[in-house]
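Reading through the structure tokens given below for one structure.
The values are calculated or read from the model by the stated rules, or taken from the named source; none is laboratory data. Since we're looking at a predicted model, the values are computed, not measured. We place every Cβ from the backbone using ideal geometry, glycine too, and count neighbours over all the protein chains shown.
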Amino acid sequence: MLTDTLSKAIAELEEEQVLKLVKERLESGVDPLEIVNSLQQGMAEVGRLFETGEYFLSELVMCGEIMKDSMDILEPHLSGSSGNYKGNIVIGTVKGDIHDLGKNIVVMLLKGAGYNVIDLGVDVPKEKFVEAIKESNAPLVGMSVLLTACQDSLKEAIDAIRAEGLDVKVMIGGNYIDEVVKEHVGADYYAKAAGEGLKIADEIFG
Ligand code: B12
């Protein structure tokens, strides 16, 4: 049961109400990451309703659109510029997966904190990760995955990076990622929320 009115509003696809609540919460000084968290919880409920057949693909698409509009309002608050260059980070959503809303939040946060983020987009093949890490000499790569069916492409990308002997830490993130997945695919870190990703980056670059 969702108790947060914002989580509920996005789960019920009430676009106007969602945007109104996002603006109101920002104005009253709520941490933008807390707002993202409420939206994320509501979207997980949309996912559940899709799984049980109560919602269809059109509702998933609609929910994605509402999130995008919410992110337009939140972006300036997440990606304030620190003007302080900390280093390069490569990031992308793995091959076969086109979910990018979560990854984009991570990108905004990292950029706001002063990292130069090389965002490879979605459906990224392993070769592209390897090439971008070599070109940028990035000490950290982030990989996003939401589809369980894409766990193999996540593992293949990490295997390819290891096979090249690149000196890079791998951080993975997404809705179902946990310690077990991290161990299975051979990543160094995992994060279930964008803020955790930023903490990991700060640890590595610190
Ligand atoms: C919106 C949505 C879509 C949108 C995506 C729009 C977009 N531009 O991204 C659309 C409609 C395109 C879509 C398509 C599909 N989807 Co979809 N989708 C969702 C939904 C409802 C929300 C995802 C989301 O954006 N959440 C909000 C963001 C903010 O949260 P997040 O992604 O988890 O990201 C946060 C953290 O995980 C973390 N994070 C994420 N990535 C990374 C990376 C790093 C490095 C770090 C540090 C952190 C991090 O930080 C983020 C912010 O805190 C989920 C439900 C769910 N439970 O997640 C289903 C869900 C992921 N989709 C699902 C499915 C099945 C599909 C489709 C196959 C449907 C279909 N039949 O076509 C297609 C697949 C297309 C493809 N090839 O990828 C399933 C996957 C099930 C599974 N076991 O694999 C889910 C779980 C729904 C469900 N329960 O059935 N989907």
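Checked against the criterion of being of a type in the set (A, V, I, L, M) and more than 14 Å from the ligand (Cβ to nearest atom), the candidates Val130, Val122 yield just one match: Val130. Considering only residues that are acidic (Asp, Glu) and not in a loop (DSSP other than H, G, I, E, B), which ones fall in region 120-138? Those that are acidic (Asp, Glu) and not in a loop (DSSP other than H, G, I, E, B): Glu127, Glu131, Glu135.
Right, Ile89: assigned to a strand (DSSP E or B) and modelled with pLDDT of 95 or more or not? For Ile89, the condition - assigned to a strand (DSSP E or B) and modelled with pLDDT of 95 or more - is met.
The number of residues in region 141-150 being among the hydrophobic types (A, V, I, L, M, F, W, C) and part of a helix (DSSP H, G or I) comes to 2.
Applying a threshold of 9 Å to beta carbon distances and a minimum spacing of six or more residues, or different chains, the list of pairs starting in region 164-189 at a residue that is farther than 11 Å from Leu140 by Cα and ending at one that is part of a loop (DSSP other than H, G, I, E, B) and more than 10 Å from the ligand (Cβ to nearest atom) reads Lys182/Asp188.
So, in region 151-194, of the ones that are under 12 Å from Val94 (Cβ atoms) and assigned to a loop (DSSP other than H, G, I, E, B), which residue ends up farthest from the ligand (Cβ to nearest atom)? Looking at residues that are under 12 Å from Val94 (Cβ atoms) and assigned to a loop (DSSP other than H, G, I, E, B), I get Ala187.
Residues in region 1-28 that are over 23 Å from the mean Cα position of the chain (by Cα) and over 17 Å from Cys63 (Cα atoms): Met1, Thr3, Glu24, Glu27, Ser28.
Of the residues in region 44-62, at least one is among the β-branched types (Val, Ile, Thr) and closer than 30 Å to Val170 by Cβ. On inspection, Asp123 passes the criterion of being modelled with pLDDT of 95 or more and in contact with a strand residue (DSSP E or B) (Cβ under 9 Å, 6 or more places away or on another chain). Checked against (1) of a type outside the set (Lys, Arg); (2) in a helix (DSSP H, G or I); (3) out of contact with any Phe, Trp or Tyr (no Cβ under 9 Å at 6 or more places or on another chain); (4) in contact (Cβ under 8 Å) with a residue 40 or more places away in the chain, Gly197 passes all but a single condition, namely (3).
Do we have any residue at all in region 69-77 that's farther than 30 Å from Asn116 by Cβ and crowded, with 16+ Cβ neighbours inside 10 Å? No, there is no match, as no residue in region 69-77 is farther than 30 Å from Asn116 by Cβ and crowded, with 16+ Cβ neighbours inside 10 Å.
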